[in-house]
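Student: Pasting in a structure now, in C-alpha cells, and then I'll have a few things to ask.
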Amino acid sequence: MKNKILPRSKYLFFFLIITFTFVSPKAIANEKYFFSYKRLLLNQDFTDRMLPKSRIKGEINKFVDSYNEGIYAISNGDFREAGGDLLKAREAWPEYFYTDFLLGLVYEEQGKHKLAARYYKSYLNKLKRYSEGEYRISGALIVNLSRDDIEEYGEAYYLVREHLEGYNINLNRVVPMVRIPGFVSTGMLLLFIIGAYVLVNRWVLPQIKIWKRIKSPPEGFWVCRHCYTDNTELNTECTKCGRRKE
C-alpha cells in the first residue's frame, strides 16, 4: 500500500513546487507592482520638451503640478494631503484615469475601503473607454504622459476585482465615483441655501412665534394649541374650534 501511495505523493509534491515557483511569486509580484504609486509617475520630459507653448500646456501643467504634489505626498505617507492634491488634478483633467487609481490607493491607506473601491471602479470605467478609443483627442496625450505601458483593461479588471475581494467588496456592485462639474455643485449649493431660507421663513419662524404666543399669551387671554386662536380667560373652550382649554 505504501509503495502505491508514495509515487503519487512525490508527483503531488513536485507539482506544488512547480506551481509556487513559477506561478505564485509572479502573480504576487504583479499585484504588488500594480498597486504601487511608483508605476504611475508622469513622464515629465514630455511636458517640458514636447508640449507646445499654448493654452493647453498651461492647463496640462495645472494637472501635472497637482498630480506630482499628490505623488510626493504619498511617498511621504501624508495620504490626507495627497487626497486633496489628487482631487485638484482630477478636476483639472478628469480623463486621466490614473488619478482615480491613485485616489483609490490613498483612501485604501486611510482605511476607507468602500470609498477607495468607488475610485478604483471609476479608474476601470475610464480605462475601458480609453481602450475602446473614446478618448480620441486626449488618448495620445495620456500615452505620452505615462512612463510605463498602459495596462490592458481585462488584466486591470481582474487585479482590482481580486484585490477588493480581500475587503469583502464585490466590484460589480460598486458605484463609480462620478465627477460633478463645478457649476453644478455651485448651483446645488445655491439651491440648498434658497431652500433652507424658504423653510426657515415659511415654517420655522412662524412655529417659533406660535410657540411663544402659547407660552406667553397676552394678559387675560389663553391661546388654543390646536387653532392658535386667542381666547379670554373666562372661556374654557376655544371660540373657534371648540377645543377645551389645556
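Student: Has the stretch 205-219 got at least one residue that is among the aromatic types (Phe, Trp, Tyr), on the phi < 0 side of the Ramachandran plot, modelled with pLDDT of 70 or more and open to solvent by less than 70 Å² (accessible area, probe 1.4 Å)?
Tutor: Initial filter on the stretch 205-219 (among the aromatic types (Phe, Trp, Tyr)): 211.
Those still in the list that are on the phi < 0 side of the Ramachandran plot too: 211.
Cutting the leftovers down to modelled with pLDDT of 70 or more gives us 211.
With open to solvent by less than 70 Å² (accessible area, probe 1.4 Å) added as a condition, the list becomes none.
No; the residues of the stretch 205-219 include none that is among the aromatic types (Phe, Trp, Tyr), on the phi < 0 side of the Ramachandran plot, modelled with pLDDT of 70 or more and open to solvent by less than 70 Å² (accessible area, probe 1.4 Å).
Student: Of the residues that make up the stretch 101-112, is at least one part of a loop (DSSP other than H, G, I, E, B), in contact (Cβ under 8 Å) with a residue 12 or more places away in the chain and of a type in the set (Asp, Glu)?
Tutor: No; the residues of the stretch 101-112 include none that is part of a loop (DSSP other than H, G, I, E, B), in contact (Cβ under 8 Å) with a residue 12 or more places away in the chain and of a type in the set (Asp, Glu).
Student: Here is a follow-up. On the basis of being under 24 Å from LEU124 (Cα atoms) and at pLDDT 65 or above, does ARG39 make the cut?
Tutor: Yes, satisfied.
Student: Another question, if that's okay. Output the residue which, of all residues in the stretch 83-92 that are among the charged types (D, E, K, R) and either touching a Lys or Arg at 6+ places or on another chain (Cβ under 7 Å) or in contact (Cβ under 8 Å) with a residue 40 or more places away in the chain (or both), is surrounded by the most Cβ atoms within 10 Å (Cβ to Cβ).
Tutor: Among residues in the stretch 83-92 that are among the charged types (D, E, K, R) and either touching a Lys or Arg at 6+ places or on another chain (Cβ under 7 Å) or in contact (Cβ under 8 Å) with a residue 40 or more places away in the chain (or both), the one surrounded by the most Cβ atoms within 10 Å (Cβ to Cβ) is ARG90.
Student: Further, regarding this structure: Could you grab the pairs with beta carbons closer than 6 Å, sequence gap of 6+ or different chains, first residue in the stretch 135-146 and more than 17 Å from GLU59 (Cα to Cα), second one open to solvent by 60 Å² or more (accessible area, probe 1.4 Å) and modelled with pLDDT of 90 or more?
Tutor: Cβ pairs passing all conditions: TYR135/GLU95.
Student: Further, regarding this structure: Which of the numbered conditions does VAL160 fail, given that it passes all the others? Conditions: (1) more than 28 Å from ASN61 (Cβ to Cβ); (2) within 18 Å of the chain's Cα centre (by Cα); (3) modelled with pLDDT under 95.
Tutor: All conditions are met except number (3).
Student: Hey, any hits in the stretch 119-129 for a residue that's open to solvent by 10 Å² or more (accessible area, probe 1.4 Å) and farther than 27 Å from ARG80 by Cα? Lay out the reasoning, then the answer.
Tutor: Taking the stretch 119-129 first, the residues open to solvent by 10 Å² or more (accessible area, probe 1.4 Å) are 119, 121, 125-126, 128-129.
Restricting the remaining residues to those that are farther than 27 Å from ARG80 by Cα gives 128-129.
Looking for residues that are open to solvent by 10 Å² or more (accessible area, probe 1.4 Å) and farther than 27 Å from ARG80 by Cα, one finds at least one in the stretch 119-129, hence yes.
Student: Identify all residues within the stretch 228-246 that are surrounded by 13 or more Cβ atoms within 10 Å (Cβ to Cβ) and either touching a strand residue (DSSP E or B) at 6+ places or on another chain (Cβ under 6 Å) or closer than 18 Å to TRP211 by Cβ (or both); write none if there are none.
Tutor: TYR228, THR229, ASP230, ASN231, CYS238, ARG243, LYS245, listed by residue number.
Student: Hey, GLU95 hits all of (1) in a loop (DSSP other than H, G, I, E, B); (2) surrounded by fewer than 16 Cβ atoms within 10 Å (Cβ to Cβ); (3) charged (D, E, K, R) but one; which does it fall short on?
Tutor: (2)
Student: From LYS126, LYS62, which residue is over 22 Å from ASP45 (Cβ atoms) and in a helix (DSSP H, G or I)?
Tutor: The match here is LYS126.
The values are calculated or read from the model by the stated rules, or taken from the named source; none is laboratory data. Just so we're clear, the structure is a prediction, and the values are computed from it rather than from any experiment. Every residue, glycine as well, gets a Cβ built from its backbone with ideal geometry; the counts of neighbours run over all protein chains shown. For the accessible areas, the whole protein counts, side chains as well, though only heavy atoms, and no ligand, DNA or RNA atoms are used. Shrake-Rupley method; radii C 1.70, N 1.55, O 1.52, S 1.80 Å.
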